[in-house]
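Throughout, read-outs are computed from the coordinates displayed, never taken from laboratory work. Keep in mind that what you see is a predicted model, and the values were worked out from it rather than measured. Cβ: placed from backbone, ideal geometry, glycine included. Neighbour counts: every protein chain shown.
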Amino acid sequence: GAVVSQHPSWVICKSGTSVKIECRSLDFQATTMFWYRQFPKQSLMLMATSNEGSKATYEQGVEKDKFLINHASLTLSTLTVTSAHPEDSSFYICSAREGGPQHFGDGTRLSIL
Amino acid sequence: TQLLEQSPQFLSIQEGENLTVYCNSSSVFSSLQWYRQEPGEGPVLLVTVVTGGEVKKLKRLTFQFGDARKDSSLHITAAQPGDTGLYLCAGDGTGTASKLTFGTGTRLQVTL
């Protein structure tokens, strides 16, 4: 159990476009979801925490207007990278928890040309 | 800001060797988790340690939580190529909305 599905797994798009990444908890209700960013050969950096039905809490230095997070249901959270630029290229990972440990998705590799 | 420093950052060893990875912080955590991550995938939870001084074993992997719950170690006995990956420790706070603070990571490469 406790499967988190992330979609898409890989996306390539042109500079200036917006990209939406979905994170779904398949067999449990996630009261809290987390979004991380990971650069090559580095660790995970928390971007924001989202609770169902409320605004996301962003970490210091993360632009909330750049990285829009919506957590409309207990099984779905989305991250939209608006007006993406090459420096936004990275590996984005979500996780979800119902009350116990966080369960991680398989990540989305975003490449902006 | 809570920081978790891992050492070494990179380790390349031959099959059959033993190794230890350290995870140190100046902060106290309610629990500490160890993950292993392969390229292009999300981290996979290996173990959670909760009690100061706790030792857990998972086959050839031994995890220890420091008495003060500020540090932890991961020891691998007789490493195998399948152990290759990025090892991450992560400290957890309290409550359902608590955040994980990830360590700096240790990249392990085990060769034949």
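Quick check: is even one residue across the range B:23-42 out of contact with any Lys or Arg (no Cβ under 6 Å at 6 or more places or on another chain) and of a type in the set (Val, Ile, Thr)? Checking the range B:23-42: not a single residue is out of contact with any Lys or Arg (no Cβ under 6 Å at 6 or more places or on another chain) and of a type in the set (Val, Ile, Thr).
Considering only residues that are of a type in the set (S, T, N, Q), over 13 Å from the mean Cα position of the chain (by Cα) and at the interface with another protein chain (Cβ under 10 Å from one of its Cβ atoms), which ones fall in the range A:92-113? Across the range A:92-113, the qualifying residue is only A:Gln102. Quick test of your reading of the structure: B:Thr20 fulfils all but one of (1) buried (at least 18 other Cβ atoms within 10 Å of the Cβ); (2) in contact with a His (Cβ under 7 Å, 6 or more places away or on another chain). Name the failing condition by number. Evaluating B:Thr20 over (1) buried (at least 18 other Cβ atoms within 10 Å of the Cβ); (2) in contact with a His (Cβ under 7 Å, 6 or more places away or on another chain) leaves (1) as the failure. Reported count of residues in the range A:33-51, each being out of contact with any Phe, Trp or Tyr (no Cβ under 8 Å at 6 or more places or on another chain), part of a strand (DSSP E or B) and surrounded by fewer than 22 Cβ atoms within 10 Å (Cβ to Cβ), is 1.
Confirm whether A:Ser15 is among the polar types (S, T, N, Q) and either more than 30 Å from B:Thr106 (Cβ to Cβ) or part of a loop (DSSP other than H, G, I, E, B) (or both). Against the criterion (among the polar types (S, T, N, Q) and either more than 30 Å from B:Thr106 (Cβ to Cβ) or part of a loop (DSSP other than H, G, I, E, B) (or both)), A:Ser15 qualifies. Within the range A:69-91, does at least one residue satisfy the condition of being within 11 Å of chain B (Cβ to nearest Cβ), in contact (Cβ under 8 Å) with a residue 40 or more places away in the chain and part of a strand (DSSP E or B)? Within the range A:69-91, one or more residues are within 11 Å of chain B (Cβ to nearest Cβ), in contact (Cβ under 8 Å) with a residue 40 or more places away in the chain and part of a strand (DSSP E or B).
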